[in-house]
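The values are calculated or read from the model by the stated rules, or taken from the named source; none is laboratory data. Small disclaimer: the values here were computed from a predicted structure and weren't measured. Counting neighbours? That spans all protein chains shown, and the Cβs are built from the backbone with ideal geometry, glycine included. Accessible surface is based on the protein model in full, side chains and every heavy atom, while ligands, DNA and RNA are left aside. Shrake-Rupley method; radii C 1.70, N 1.55, O 1.52, S 1.80 Å.
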Amino acid sequence: MSAVASAREILTGLHDVMARRGSAQAKLDRVVDLIAAAMASEVCSIYLLRDQSLELFATHGLRKEAVHVTRLAMGEGLVGTIAEEGRILNLAEASNHPEFVYRPETGEEHFHSFAGVPIIRRESSIGVLSVQHAEPRRYDEVEIEALQTVAMVLSELIASARLVDGSRGARRDAGMQRMAGLKLVTGMAKGVAVFHQPRVIVEHTVAEDTEAERARVYAAFRRMREQIDNMTREAEFGTAGEHNEILETYKMFAYDEGWSRRINEAIDSGLTAEAAIERVQQRTRARMREIDDPLLKERMHDLEDLSNRLMRIVSGRMGTAAQTGLARDAILIARNLGPAELLEYDRRRLKGVVLAEGSLTAHVTIVARAMGVPVVGRIADIRHIANEGDAVLVDGDMGAVTARPTRPITIAFDQRMAMSHKRRAEYATIRALPAQTLNGERMTLMVNAGLAEDAAMLETAGADGIGLFRTEFQFLIAATLPGRESQQRLYKSVLDAAGDKPVVFRTVDIGGDKALPYLSDEQKDESENPAMGWRALRLSLERKTLMKAQARALVEASAGKVLRVMFPMVSEPWEYEEARALFEEQIAWAKSAKLAGPKSVEFGAMLEVPSLAEVLDILLPRVDFLSIGTNDLTQFLFAADRADPRLAERYDWLSPAILRFLHRVVREAKAAGVPLRVCGEMGGRPLEAMALIGIGIDSLSITPAAVGPVKAMIRSIDAVAVRAKVETLLAKPPANMRKSLSDWAKRHGVALD
Ligand code: PEP
Ligand code: MG
């Protein structure tokens with residue numbers, strides 16, 4: 001008998017049983033008879049999870065007295081092993097299996113062969129379906145397939161009759177799970193898991209009309225392939241927020257004949273489109289459990305992602321959680337996100353983010369930091385461990401995430417969260433105090449911003465101004481290219497909110513991982529490595545209309561005030577000159593048109609591309625200030641993609657390579673009398689900031705939440721002593737610079753959080 005015929009025969013029977021009136025028990029009794037007959041099997045039994053153990057619920061062939069009497073713990077015996085590990089057992093001689101336990105009340109000693117499959121609901125085992133034979137033989141693949149299909153349909157019956165524990169069943173990880181990841185944005189948050197791309201729960205498994213189901217799956221495959229093709233095209237520009245490599249794998253799977261064929265076969269056996277996709281997915285998951293190779297395992301996760309996508313298409317449940325709206329305190333769970341995707345979420349309801357990937361200086365992390373949302377990254381299994389709606393604790397200070405916390409853990413977390421708020425409140429007490437060192441040196445502490453609301457935080461953060469206003473954020477959150485007027489309104493509101501404090505506007509830095517979905521294809525970066533591609537100033541200088549509109553908006557918005565502009569990704573001085581000339585033209589134009597222009601203008605360049613450091617003698621006389629963007633600078637110095645999670649922890653900001661490089665820049669800028677600032681994420685970490693002061697930096701622009709901790713550090717150091725220490729360390733670097741610096745800081749009572 002073919003798998004299809006056998007499964008379909010049983011499914012038709014099951015359909016009738018399920019449609020009939022009667023108790024769930026009566027239905028299960030019918031089901032075991034039906035399966036035993038269809039598979040010509042001497043025994044067919046169903047075990048269900050009740051009170052944490054697997055109870056024999058119905059049987060054909062074992063002693064009836066054993067029903068509701070025989071119980072096995074999770075992991076106990078063959079049945080317990082199947083349920084716990086979520087895998088199939090197919091044995092010619094059951095008693096030879098190391099986990100075999102004999103239960104005399106069942107009378108199973110007559111039977112030699114045994115096959116069992118887990119009954120799964122929402123990725124957890126809720127029971128086991130098994131068949132047994134007197135004659136020792138292994139069941140063939142076809143029979144096992146049929147059993148799995150039947151188990152799937154049974155799970156629907158069991159769940160609707162509420163025959164098992166809770167709705168989640170008893171996956172091994174049903175209890176609390178604590179996972180360690182990478183600290184991306186500090187802070188603590190408590191909420192419920194919300195998947196960025198919600199999971200679909202299959203409600204109906206048996207098809208009414210097989211051909212209609214097939215048509216639905218075909219259409220969904222077509223749509224999914226189109227989506228993947230589009231994403232691959234866009235990803236070269238970074239829009240999708242997903243790595244090229246992943247997309248390539250997606251593409252491979254999307255066109256994989258084997259996958260679509262298996263789904264098709266599952267439909268042939270009588271399942272609905274959703275159930276067929278799920279059925280094949282279950283098989284993949286079962287295979288995944290047996291794989292040790294981490295690389296291959298990752299690929300399987302990709303297939304799972306794609307399968308979820310297909311499921312969403314087929315069931316018409318498209319859209320991210322942002323589009324459907326967050327209902328309450330949400331901990332967002334995603335593989336990875338683009339900055340624009342994150343900005344779509346309601347800031348008031350989004351409490352925390354957990355990513356399977358993620359890296360410290362990826363723009364999504366920077367945006368989350370600006371939004372004040374704690375993020376923990378690099379928890380590869382998060383989407384498999386947490387379920388939608390689970391309670392989740394995100395500890396961005398420790399880099400830990402807890403799913404389904406127990407009460408004592410929640411209480412301890414609450415206490416720590418209260419402490420962390422208290423510490424923040426303590427920082428508030430130094431808000432009005434200057435960022436002055438013990439030996440009386442005044443440092444400048446500014447903040448990085450990008451949204452209109454950020455300017456209002458200046459006071460609360462206790463900062464000296466905005467040292468980096470990322471103007472591209474406005475472009476990222478808009479559905480279409482923001483016009484000159486809307487840009488002008490934003491810039492003016494930021495300047496107004498900042499009052500007397502300076503604001504440094506950086507011209508748009510798009511490209512790389514900050515792609516604009518609405519740019520025309522021609523403007524998109526088709527290169528394989530957009531971070532080193534046509535981005536930031538490179539793009540602006542060739543698409544001058546964009547930069548002209550921005551220049552005009554900035555000039556008009558800063559009427560009567562000081563306009564401070566800086567250009568991102570300057571690689572050679574001529575780029576700076578061209579950009580500056582473009583602004584000067586707009587200023588001259590405003591003058592000639594008798595418009596109120598800025599009182600004065602200061603131009604600066606960002607040092608993010610190492611080549612610029614070699615020509616500072618040419619550049620410095622031409623700039624009013626220089627700002628070091630350590631995020632990009634370090635990715636280029638180390639040739640390490642800032643968005644690649646595999647490199648997230650490989651290079652240290654406190655490495656001699658960076659500190660020496662920066663030290664040289666400091667010396668040159670000082671000699672030329674040009675103000676210098678660091679505006680990358682590095683400066684927002686107290687120990688790193690201390691090292692920067694150690695090489696002679698006296699101005700930092702950092703994420704607002706870091707102002708308190710960094711100011712506390714500054715107020716606890718003697719800058720002369722720090723400089724002397726760092727000089728010595730740099731002259732002869734120790735094996736572990738970070739450790740040497742932090743030991744020294746501890747010995748000298750430096751406040752490091
Ligand atoms: C940097 O590269 O360090 C920087 C401040 O700019 P962004 O992070 O926006 O690229
Ligand atoms: Mg940069």
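In segment 248-279, which residues have a backbone nitrogen under 18 Å from the label point lying 7 Å from Ile291's Cα in the Cα-to-Cβ direction?
Of the residues in segment 248-279, 248-263, 278-279 have backbone N under 18 Å from the label point off Ile291.
Using 0.36 nm per residue, how much length does the chain from Ile201 to Arg442 gain when fully extended, once their Cα-Cα distance is taken away?
In short, 80.9 nm is gained.
Could you please state how large a percent of the accessible area of segment 177-412 is carbon and sulfur, counting protein chains only and using a 1.4 Å probe? Don't jump to the answer; show the numbers that get you there.
On the way: 4570 of 9150 Å².
Result for segment 177-412: 50 percent of the exposed heavy-atom area is carbon or sulfur.
Residue separation times 0.36 nm, minus the C-alpha to C-alpha distance between Arg178 and Arg407: what's the value? All intermediate terms of the calculation are to be shown ahead of the outcome.
Details: separation 229, 0.36 × 229 = 82.44 nm, distance 1.38 nm.
Using 0.36 nm per residue and subtracting the Cα-Cα distance, I get 81.1 nm.
Counting heavy atoms of the protein chains only and a 1.4 Å probe, report the per residue accessible area for segment 3-160 as a whole number of Å². If you can, show how the numbers build up before the last one.
Working: 6080 Å² over 158 residues.
Solvent-accessible surface per residue comes out at 38 Å².
For Ser269, what residues show an amide H to amide H distance below 5 Å, using hydrogens built from the backbone and excluding near sequence neighbours?
Amide H neighbours of Ser269: none.
Below 21 Å, Cα to Cα, which lysines can Lys594 reach? Residues fewer than 8 away in the same chain don't count.
Cross-link targets: Lys492, Lys548, Lys561.
Need the list of aspartates and glutamates near Lys591 for cross-linking: C-alpha distance under 12 angstrom, and skip anything on the same chain fewer than eight residues off.
Straight-line reach from Lys591, under 12 Å: Glu556.
Among 391-402, 668-679, how do they line up from the highest to the lowest mean number of other beta-carbon atoms within 10 Å?
Numbers: 391-402: 22.1, 668-679: 18.5.
Highest to lowest by the protection proxy: 391-402, 668-679.
Quote the FRET efficiency, to the nearest 0.05, computed for Asp381 versus Glu578 with a Förster distance R0 of 41 Å and r equal to the Cβ-Cβ distance.
Working: r = 49 Å, r/R0 = 1.19.
The computed FRET efficiency comes out at 0.25.
Compute the length gained on full extension between Ser493 and Glu226: take 0.36 nm times their separation in residues and subtract their Cα-Cα distance, giving the result in nm to one decimal.
On the way: separation 267, 0.36 × 267 = 96.12 nm, distance 4.18 nm.
Gain in length upon complete extension: 91.9 nm.
Can you give me the long-range amide H partners of Val447? Hydrogens built in the peptide plane at 1.01 Å from N, cutoff under 5 Å, separation of 5 or more residues or another chain.
Amide H neighbours of Val447: Asp464, Gly465, Ile466, Gly467, Leu468, Ile702.
Counting only DSSP beta bridges with both residues in the chain, tell me the antiparallel percent, nearest 5.
Working: 48 of 86 bridges.
Counting DSSP beta bridges with both partners in the chain, the antiparallel share is about 55 percent.
Return the calculated 222 nm mean residue ellipticity for the chain, to the nearest 500 deg cm²/dmol, obtained by summing -39500 (n - 2.57) across DSSP H runs with n ≥ 4 and dividing by the residue count.
One gets -14000 deg cm²/dmol as the mean residue ellipticity at 222 nm.
How high is the relative contact order of the chain, in percent, with contacts defined as C-alpha pairs under 8 Å that are six or more residues apart? Spell out each step's value before the answer.
Numbers: 1470 pairs, mean separation 78.9, N = 753.
Averaging sequence separation for qualifying contacts and normalising by length gives 10 percent for the chain.
Please enumerate, by chain and number, the lysines with C-alpha under 18 Å from the C-alpha of Lys739, excluding those fewer than 8 residues away in the same chain.
Cross-link targets: Lys725.
Take every Cα pair under 8 Å in segment 49-110 that's 6+ residues apart, average their separations, divide by the length, and report that relative contact order as a whole percent.
Values: 74 pairs, mean separation 18.9, N = 62.
Relative contact order here is 30 percent.
When the Kirkwood radius is taken over all Cα pairs of the chain, what Stokes-Einstein diffusion coefficient follows at 4 °C and 1.567 mPa s, in µm²/s? If you can, show how the numbers build up before the last one.
Values: Rh = 29.0 Å.
Roughly 45 µm²/s, to the nearest whole number.
Taking the Cα centre of segment 3-160 as origin, sum charge times position over the Cβ atoms of Lys and Arg (+1) and Asp and Glu (-1), and report the length of that vector in debye to the nearest 20.
On the way: 15 positive and 23 negative charges, 114 e Å.
For segment 3-160, the charge dipole is close to 540 debye.
Run the simple label-point estimate for Arg431 and Asp718 please: 7 Å along Cα→C-beta, distance reported in nm.
Label-label distance for Arg431 and Asp718, simple model: 3.3 nm.
Go ahead and run the numbers for FRET between Ala73 and Lys591, Cβ-Cβ distance against an R0 of 60 Å, rounding to 0.05. Before the final figure, lay out each step's value.
On the way: r = 84 Å, r/R0 = 1.40.
Working from the Cβ atoms, E equals 0.10.
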